[in-house]
Every structure is written in C-alpha cells, then in structure tokens.
Amino acid sequence: MGFSAPDIALPKAEPGQFFMFGVKNCEKDPLLKRPFCYFRRRGNTLEILYRVVGKMTSIMKGLRPGDEVEVLGPLGNVYPMAQAVCKTPLVIAGGVGIASVYPLIERFKGSAILFYGGRSKKEILLRKELRAISKKLVVATDDGSMGFKGTAVDAARDFLNGRNPDDFVLYSCGPNGMLKAASALGIQGYIASEEKMACGIGVCLGCAVKTKEGYKRACKDGPVFKTGEIIFD
Amino acid sequence: MPARENNNNKRLEVKLGRLKLKNPVMTASGTAGYGAELAEFFDLSKLGAIVLKGISLTPWQGNPTPRITETRCGMINSIGLQNVGLDAFLREKLPFVRQWDVPVIANILGTSAAEYTRLASALEEAGVDGIELNVSCPNVKEGGIAFGLDLKSFASLVRAVRARVKKPVLIVKLSPGAPGIEEFSRAAEGEGADAISLINTIPAMAIDVNTRRPLIKNRIGGLSGPAIKPIAVRMVYQASKAVKIPVIGMGGITTGEDAVEFMLAGATAVAVGTATFMDPMAVLKVVQGIGAWMERHGIKKASSITGAMLT
Ligand SMILES: Cc1cc2nc3c(=O)[nH]c(=O)nc-3n(C[C@H](O)[C@H](O)[C@H](O)COP(=O)(O)OP(=O)(O)OC[C@H]3O[C@@H](n4cnc5c(N)ncnc54)[C@H](O)[C@@H]3O)c2cc1C
Ligand code: FES
C-alpha cells in the first residue's frame, strides 16, 4: 500500500527519518498525528508505506487524490551510512519496518543484503522492487508461506554461520522483539525504534526508549540508535 | 507595520500580579520541554510566557512505556515527571530559554516542603520570572499530589514557598481532584500566591479489549485534550469566583475560541498543552485566534474578556 502527498516545500528527507501525518478534522478525533517513515520520493511526491491498523490508518485508506492532509517533518535522526563503505550492509526488516529501510537500501545501490520478515506471504510487500535494489533478498515468514520458515533474524543467523560478523554493519527496523533479537546477532550497527509517539518533536516524552544512559526520546534522539544502546525488557 | 504590531501587542497584554505578559497565552508545563524544541518552530518571544517542564531537585527517570495512549478527543499520559533535575536545568536548560524576550516560568515538584523551598530559592536566584508549584501531578506518588489533595498541607506548602520567593510571581497549580476547588483556591490566595493555574490532567484509564491489557504501562495516567475542556472551564469559573488573584486556565485548549471561553469563565491567561502535541505551532495559533475573535467582537483589550461571560 503506497501513499503519496504533494511535496510543496520539497523537504529533503533522509533514510531513517519520519513524518507526523494527520488529517484535518474539527472533531479532534483522531487527535494526534501519527508517525510514518520516510519511504521514498518519486518526482514531486513523498511516499509513505503504511498498514491499516486503526483509526488514522483507516481514514488514510479512504483518502483520495486531492484530499488535504497535514504533514510535519522530516523528523528524527538518520541511519549513519559511513561504515557501509568498507562493510556489507546487512538489513533486517519486519512488517512495515520495511518502509524505514527501503530508502537506505536504495542508497546502498545494490550492496545491501536484506532479510525481510512477516507473519505470512500476505505481509511481504514490494518483493520485486526490493530484489532489484538489493544485492540479496531473503524473505522469511512465520508460517512458511513464503521463503524461509521462521523470523528474519533466524534467517540472518543462518546466513552468518561461518561468516565474520565484523564484515557486516547491521541496519534493522521492526517490532521490538525483532530489534532485540537482531541486536543479539553480534553485528555492530543501527536499529530504528517504532515506539508510540504523541508529538514527534521531543516535547511530550511519551516515546521513551530505555537506553544505557537512561530514557531517550525515539522521536528526537532517535528513531535510529546504535546496537547495544537500547535496553530491551 | 511595526506600529500596528505594537498596537496589537498592547491589545493583547495581560498581567499576572507584577508580571506583564504580551498576550494571555503560555505553554502548559510538560508540553514545551525546556523551550529548545519549540524554538525550532517559532520565535519564543511571541508567547505570553513559557512554562517549562517540571523540575525536581535530583533527576527523575520517569515511568516505563507505553506512556501515552490516545482516547476519544483526548490522550492519557503517564510520563512520570521525567526531568533532568535542578543542577542540569540551571546549567544547560535555563540559559538557552533566557535568550528570548519572554517571561520564563519554572514548574517545580518535590516530595517535601523542604524540597519545594530549596528549588524555589535556587530558581529565584537564577532569575526566573515565575515559579509554578506543581502539587497536582497524578502520575507519581511523590509528585506532590498529597499536597494537592489535603488542604492543610497544601496551605502550609504554599506558605513555606511564599516565604522564600520574593521576586518571581508564585503560581500554584491546583489538582482537579482537590476536594473543593474554591477552598483550595482561597487557601492559595490566603497564603500569598500571586496566581493559580488549573486544571492539571484528570486521572484516567483505558484498556485494549483485544489484548485485555491496559493501554499505558502504569495503568492509570492523566487525561488531557479537548475531552476535558468543559470540566476545566467549570473549575476555572469556580476558582475565579472564589479569589481575586488571576487564574490561568487550561485543559483542552486548541483554538483561540477555546481560550476566549476560559477567559469568559474568569481566566486572566490561558495555557496550551496537548494542542502542541497535535501541532507545534498551536500556541501561536491560539494567540492569533484570540486576536481575531477580539476583532470580530470589537473588543479592544484582552484583559476585558476576563470574567465577561453574560448571564
Ligand atoms: C517512527 C515511527 C515510524 C513508523 N513508520 C511506519 C510506517 O512507515 N508505516 C506504517 O504502517 N506504520 C508505521 N509506524 C506505526 C504507525 O505509526 C502506527 O501504525 C499508526 O500510528 C497507527 O495509527 P492508527 O490511528 O491507525 O492506529 P490506532 O487506532 O492508534 O491504534 C491501532 C493499533 O495499532 C497499534 N499501534 C499504534 N501505534 C503504534 C506504533 N507506533 N507501533 C506499533 N503499533 C502501534 C496500537 O497499539 C493499536 O493496537 C511508525 C511508527 C513510528 C513510531
Ligand atoms: S513523541 Fe513526544 S517526545 Fe517523542
């Protein structure tokens, strides 16, 4: 599912960043904007990729070309990419976390290895495009309906067997369980949190992520954190 | 053009005790951080005042996540008064926000009267323009709520802090759970507060019926946003009837009209909170909205709206 909004001010978004997205409504319901990753840019439109899970995303689904929306951003920090010059980017994405790493993989111009997991075949999006922009794509589904049966992290672990983890730099975005497992693979790199947000700009402290240096804000100090920085419960 | 702007500034001016505000709109504590984030969006000197995130003597970690959940026309939060503590505040945060020509109001919280008075003294010395006593945070046991719910300890706390604070205006933020908002307002006034502010968030809860789990980790949090506005307007009305000192009204303000409603009920100034989460520019839009309302209604001075409800 793709969505595009006219890019009036032409903000330049970088991989890892996100937008707060809302619809105009006098009823104030939904009240807050919702965070969505910068997915890609096509000409004069910015695209986000989203899954319908609740109130706002259901409204988004009903939007038609020309409808007015409110978008704040780009917000948050960026995936550092310097290390990927001498190491192979190993990307692990789960569910809509693929939206976050998509522009990153594009930026790596075919050098990234992608492990992409979902519950079932239905959740795996953009397979053709992803194959085209990455060096290698491994799809993993929990039910085995497509590709590797298991999680994307399981698939990555298999792949790493016999390889030197220091040859790779990790980039991962997905549910917390995945980020925790990916962090335990022993590869240094970066993970992007998808903690619930209210303001997206660092003032509400709602999006707290527990780190070695105390709570940090996913929206302002993140969403990208170094592996090992976040403490998972 | 500048002349007109000056004019406008004067039109919107209100006073909180000795403190003059360019306009009646301030940020609500805990919705503007220490100013740095909002400064990326607009010129802070356009605010009536900036009320900063509550600070305690030592840093507080805050509550586990999830800390926030949206409910119909509102949100519940349980941040747990996470803050950097007094020292870091004075060293890193206060100097930044002082760069703007805007009154700075520090919000303080403690677990004992001694902590409140130490904070107040340190902040007076640091030159803040106002101190808001937070005795009403529902999210941590230590958040002073005990002071907010018991009239005697409330009065003695206000007295103790008042004895220390000379220059900055002293604002006391009331708990919506206070048994008898009039008595608490009068007690604050009697003990020498320069203004009272209300309402803080209202204790609330929400459960995900599919997972059967509470939607915030702490189970109970504070409800804010448009959902609580009618309650807040009522309490501001009652408080302002009970006292002569100015009342700062807040609770679900998202537009200039909302702000005017609070002022008609008796508020001298208003604070914008949750709306900033919806839109970082919300506070300024409320300032503009009040101006536009005044224009439409031929009102020359914002201060004349206070308590001007017709019956
Ligand atoms: C930085 C960031 C980037 C994101 N990027 C994307 C993206 O590119 N594409 C995408 O589809 N989604 C993304 N999300 C998740 C997206 O924000 C939520 O799906 C959205 O807020 C749901 O809004 P809603 O009103 O439809 O759901 P609601 O009615 O608010 O909630 C419905 C259900 O979704 C769950 N939910 C709400 N917010 C989140 C969240 N942040 N993470 C996990 N579950 C949530 C709720 O717990 C609830 O069970 C991102 C989240 C963050 C924090
Ligand atoms: S979402 Fe408000 S601080 Fe991050």
| query | Which ones in segment A:155-182 are more than 21 Å from residue A:37 (Cβ to Cβ) and touching a Phe, Trp or Tyr at 6+ places or on another chain (Cβ under 7 Å)? | reply | A:155
| message | Looking at segment B:263-284, can you tell me whether even one residue there is β-branched (Val, Ile, Thr) and more than 15 Å from the chain's Cα centre (by Cα)? | response | no
| query | Take the residues of segment A:189-231 that are farther than 24 Å from residue B:36 by Cα and in contact (Cβ under 8 Å) with a residue 60 or more places away in the chain: which is farthest from ligand 2 (Cβ to nearest atom)? | reply | A:189
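What is the residue count in segment B:285-310 for residues that are of a type outside the set (A, V, I, L, M, F, W, C), under 20 Å from the mean Cα position of the chain (by Cα) and more than 30 Å from residue A:72 (Cα to Cα)? Steps first, answer last, please.
Taking segment B:285-310 and keeping what is of a type outside the set (A, V, I, L, M, F, W, C), we get B:285, B:288-289, B:291, B:295-298, B:300-301, B:303-304, B:306-307.
From the residues that got through so far, the ones that are under 20 Å from the mean Cα position of the chain (by Cα) too are B:285, B:288-289, B:303, B:306-307.
Imposing the further condition that a residue be more than 30 Å from residue A:72 (Cα to Cα) reduces the set to B:303, B:306-307.
Qualifying residue count for the region: 3.
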| said: Please go through (1) modelled with pLDDT of 95 or more; (2) within 14 Å of another protein chain (Cβ to nearest Cβ); (3) part of a strand (DSSP E or B) for residue B:221 and return the number of the only condition it doesn't satisfy. | reply: (1)
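Can you tell me which residues in segment A:21-61 are within 16 Å of ligand 2 (Cβ to nearest atom) and either among the basic types (Lys, Arg) or more than 14 Å from chain B (Cβ to nearest Cβ) (or both)?
Looking only at segment A:21-61, we keep the residues that are within 16 Å of ligand 2 (Cβ to nearest atom), and these are A:21-22, A:30-37, A:56.
Matches in segment A:21-61: A:33, A:34, A:36, A:37.
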| message | Taking the conditions exactly as written (within 14 Å of another protein chain (Cβ to nearest Cβ), at positive phi and modelled with pLDDT of 95 or more), does residue B:273 satisfy them or not? | response | no
| Candidates A:213, A:195, A:129, filtered to the one that is within 23 Å of residue B:75 (Cα to Cα) and modelled with pLDDT under 95 | A:195
| task | Mind listing whichever residues of segment A:186-216 are open to solvent by 30 Å² or more (accessible area, probe 1.4 Å) and away from ligand 1 (no atom under 11 Å from the Cβ)? | result | A:186, A:188, A:210, A:212, A:213, A:215, A:216
| task | Kindly indicate which of B:97, B:102, B:14, B:51 is open to solvent by less than 30 Å² (accessible area, probe 1.4 Å), away from chain A (no Cβ under 14 Å) and closer than 28 Å to residue A:22 by Cβ. | result | B:102
| field | Failed condition for residue A:100, given (1) modelled with pLDDT of 95 or more; (2) in contact with a helix residue (DSSP H, G or I) (Cβ under 9 Å, 6 or more places away or on another chain) | value | (2)
| remark: Requiring at least 2 residues that are in contact with a strand residue (DSSP E or B) (Cβ under 9 Å, 6 or more places away or on another chain), the helices (runs of 4 or more DSSP H) wholly within segment B:13-132 are B:94-97, B:113-126
| Is it the case that segment A:191-212 has a residue that's over 30 Å from residue B:281 (Cβ atoms), away from every other protein chain (no Cβ under 13 Å) and in contact with a Cys (Cβ under 8 Å, 6 or more places away or on another chain)? | yes
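Only one of A:66, A:95, A:76 is within 16 Å of ligand 2 (Cβ to nearest atom) and among the small types (Gly, Ala, Ser). Can you tell me which? Walk me through it before giving the result.
Working: A:66 fails: within 16 Å of ligand 2 (Cβ to nearest atom); A:95 fails: within 16 Å of ligand 2 (Cβ to nearest atom).
Step by step, each of A:66, A:95, A:76 is checked, and only A:76 is within 16 Å of ligand 2 (Cβ to nearest atom) and among the small types (Gly, Ala, Ser).
Yes/no matrix, rows are residues, columns are (1) touching a Cys at 6+ places or on another chain (Cβ under 6 Å); (2) of a type in the set (A, V, I, L, M); (3) open to solvent by 20 Å² or more (accessible area, probe 1.4 Å):
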position: B:235; (1), (2), (3): no, yes, no
position: B:239; (1), (2), (3): no, yes, no
position: B:246; (1), (2), (3): no, no, yes
position: B:249; (1), (2), (3): no, no, no
position: B:259; (1), (2), (3): no, yes, no
position: B:262; (1), (2), (3): no, no, no
position: B:270; (1), (2), (3): no, yes, no
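On the basis of being open to solvent by less than 40 Å² (accessible area, probe 1.4 Å), touching a Phe, Trp or Tyr at 6+ places or on another chain (Cβ under 7 Å) and either in contact (Cβ under 8 Å) with a residue 12 or more places away in the chain or in a strand (DSSP E or B) (or both), does residue B:178 make the cut?
Working: open to solvent by less than 40 Å² (accessible area, probe 1.4 Å): yes; touching a Phe, Trp or Tyr at 6+ places or on another chain (Cβ under 7 Å): yes; either in contact (Cβ under 8 Å) with a residue 12 or more places away in the chain or in a strand (DSSP E or B) (or both): yes.
Yes: the conditions hold for residue B:178.
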| remark: Given the conditions (1) closer than 30 Å to residue B:52 by Cα; (2) more than 14 Å from chain B (Cβ to nearest Cβ); (3) open to solvent by 20 Å² or more (accessible area, probe 1.4 Å), every one holds for residue A:164 apart from (1)
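The values are calculated or read from the model by the stated rules, or taken from the named source; none is laboratory data. What you see is a predicted model; the values in this text were computed from it and never measured. No Cβ is skipped: glycine too gets one built from the backbone with ideal geometry, and neighbour counts run over all protein chains shown. Each accessible area value is taken on the protein alone, full model and side chains, heavy atoms only, with ligands, DNA and RNA left out. Shrake-Rupley method; radii C 1.70, N 1.55, O 1.52, S 1.80 Å.
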